[in-house]
Amino acid sequence: MVSHTKAPVITIDGPTASGKGTVSSLVAKQLGWAVLDSGALYRLTALVALRTGVDSTDQTALAALARQLDVHFENGVCWLEGEDVSDRLRHEQVGLLASQIAAYEPVRTALLARQRDFLQAPGLIADGRDMGTVVFPDAPLKIFLVADAHSRAQRRYKQLIEKGISANLSDLIADLQARDLRDSTRAIAPLKPADNAITLDSSCLSIEETVAQVLAHWAATKN
Ligand code: C5P
C-alpha cells in the first residue's frame, strides 16, 4: 500500500540541517497542509531507548519501541505520553542515536505505516531522508534540499545557541558529516534523491527564497 487517500504529498528530503524542517513548515503554512517531520519519529524512538535503557543494538526491542510510541504533534510541539519533548529531541545525543537506529530495517518497517498515516486532505509536506524514495514514492513533487556542510553547521549552531544549548562549530561540522555519511551509505533507504526529484541548493538562498522556489515548483506541477 502506498497511500490511502488521494491527498497530494510534497516530499522534502535532504541531509541534516539543510533547512528541511523550516522550509517544510513554511510551505505547509502557505498551502494550509499538514507536515510530517519523519526525523522526529526516529529521534523519539532514540529518546525512549535512552530513557528506558534499551540496548542500542537490539533491533527487535527498538522496533517494538517505535511501534508503541505514544506520540502526537500539535502546532510544532511534539508530545510523548503527554510530555512536551520538542527541545529534548534536538539534543545531539538523541540525534546521533536516531541516526544509528535509523539504519535498522525493523525500526524503519515499524515506522513506515505511522508515517503514511500522516497523509490527510488537503495535502501533506513530508520532511525526511526517504520520503520521495520509499514512504511516498508516488508524490507529485519531490524536492531534494542540499546545502554545503559549513552553511548547515552554522545554521545548526545558531538554532542550538538560541535554545540555550551549548555547541561547538567544529564538533557540529564533524557530527553532521558523520551523520551524512551514515545516512547516505546505509543499505536500507539511504539518503539519496528520488529519480524524479528536483535538487535545490539552499547554501546561498534565504529561507524565504527557498520556500518561494518550492511553491513555484508546486504551481508548475499543476500546469
Ligand atoms: O531529520 P533529523 O535530523 O531530525 O533526523 C534524525 C535522524 O533520523 C537522521 O540523522 C536520519 O538518520 C534519520 N532519519 C531517517 N529517515 C528519515 C528521517 C530521519 O533515516 N526519513
*Hey, does segment 99-112 have a residue that's closer than 28 Å to Y157 by Cβ, away from the ligand (no atom under 13 Å from the Cβ) and not in a strand (DSSP E or B)?*
no
*Look at W79 and say whether it is modelled with pLDDT of 95 or more, away from the ligand (no atom under 14 Å from the Cβ), surrounded by fewer than 16 Cβ atoms within 10 Å (Cβ to Cβ) and more than 22 Å from R179 (Cβ to Cβ).*
yes
*Search segment 109-160 for residues being under 17 Å from T199 (Cα atoms) and in contact with a His (Cβ under 9 Å, 6 or more places away or on another chain), and hand back the single one that is surrounded by the most Cβ atoms within 10 Å (Cβ to Cβ).*
I143
*For segment 161-196, name all the residues that are more than 19 Å from D127 (Cβ to Cβ) and crowded, with 17+ Cβ neighbours inside 10 Å.*
L172, I173, D175
*Got a number for residues in segment 19-35 being outside any helix (DSSP H, G or I) and touching a helix residue (DSSP H, G or I) at 6+ places or on another chain (Cβ under 6 Å)?*
1
*Of all the residues that make up segment 184-223, how many are basic (K, R), without any contact (Cβ under 8 Å) to a residue 12 or more places away in the chain and under 28 Å from A103 (Cβ atoms)?*
0
*Please verify whether segment 119-126 includes one or more residues that are free of Cβ contacts under 8 Å to residues at least 12 places away in the same chain and farther than 18 Å from I12 by Cβ.*
no
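The values are calculated or read from the model by the stated rules, or taken from the named source; none is laboratory data. Keep in mind the model is a prediction, meaning the values are calculated, not measured. Glycine gets a Cβ as well: all are built from the backbone with ideal geometry, and neighbour counts include every protein chain shown.
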